[in-house]
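A short write-up of the structure that comes next.
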Amino acid sequence: MQTPDAWPNSFRQSRFLSAVDFVQADRMRRAVAEQMQQLFTKVDLLMVPSLRDEMLTIANFTGHPSLTLRAGFVEISEPRSDWAPDPERATPRFASPRRVPHGVTLIGRLFEEGTIARVGLALEERLGVAGEPPPGFG
């Protein structure tokens, strides 16, 4: 079951955008790209939470390279609310807490994928979780 704001539904609705709306969206994309260009004059990369809409806006709309990697594990008793198949129903609870991986995303300057790759490798080595598979994947 898909929620009304699930990405397949968003894609289907995009076919009905007018030319004016498309031009306005492209102007917004350009404004975001210009803000990112300004930001990257001050920093080498950004580290942001994974699976966030803001991260997808930056990487998908402006073309900035991104790298998502596991940063550790957390125990959860219920799935995130955006995993729920139907917003009208309560989110189910797990019988016992589950240990699941969580990650971070690195976003870099345009055409500087090497920087985020080097930082990603160093971060992965420092955190020491790359070789540890999630439960059930050993």
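Which value, in debye to the nearest 20, describes the size of the charge dipole of the range 7-127 about its Cα centre when Lys and Arg Cβ atoms bear +1, Asp and Glu Cβ atoms bear -1, and nothing else is charged? If you can, show how the numbers build up before the last one.
Details: 16 positive and 15 negative charges, 19 e Å.
Value, rounded to 20: 100 debye.
For the range 7-127, just say rounded, prolate or oblate: build the C-alpha gyration tensor, square-root its eigenvalues into a ≥ b ≥ c, call rounded for a/c under 1.5, and beyond that prolate if a/b exceeds b/c, oblate if not. Could the numbers behind the result be given before it?
Values: a/c = 3.25, a/b = 1.12, b/c = 2.90.
Since a/c reaches 1.5 but b/c is at least a/b, the shape of the range 7-127 is classed as oblate.
What's the local net charge at Ala33, with K and R +1, D and E -1, over the other residues with C-beta under 13 Å away?
+2
Once both labels are modelled 7 Å past Cα along the beta-carbon direction, what's the Thr115-Leu17 spacing in nm?
Once both label points are built, they end up 2.8 nm from each other.
Through the Karplus equation 6.51 cos²θ - 1.76 cosθ + 1.60, θ set to phi - 60°, convert the phi angles of the range 60-76 into ³J(HN,Hα) values in whole Hz; use x for Gly and Pro.
Whole-Hz 3J(HN,Hα) from phi for the range 60-76: 7, 8, 10, x, 5, x, 9, 9, 9, 9, 6, 10, x, 10, 9, 9, 10.
What FRET efficiency do you get for Gln24 and Ala130 if R0 is 35 Å and r is their Cβ-Cβ distance, rounded to the nearest 0.05?
Working: r = 43 Å, r/R0 = 1.22.
It comes to 0.25.
FYI, it's all coordinate maths here, none of it is from the lab. The model shown is predicted, which means the values in this text are computed figures rather than measured ones. Glycine gets a Cβ as well: all are built from the backbone with ideal geometry, and neighbour counts include every protein chain shown.
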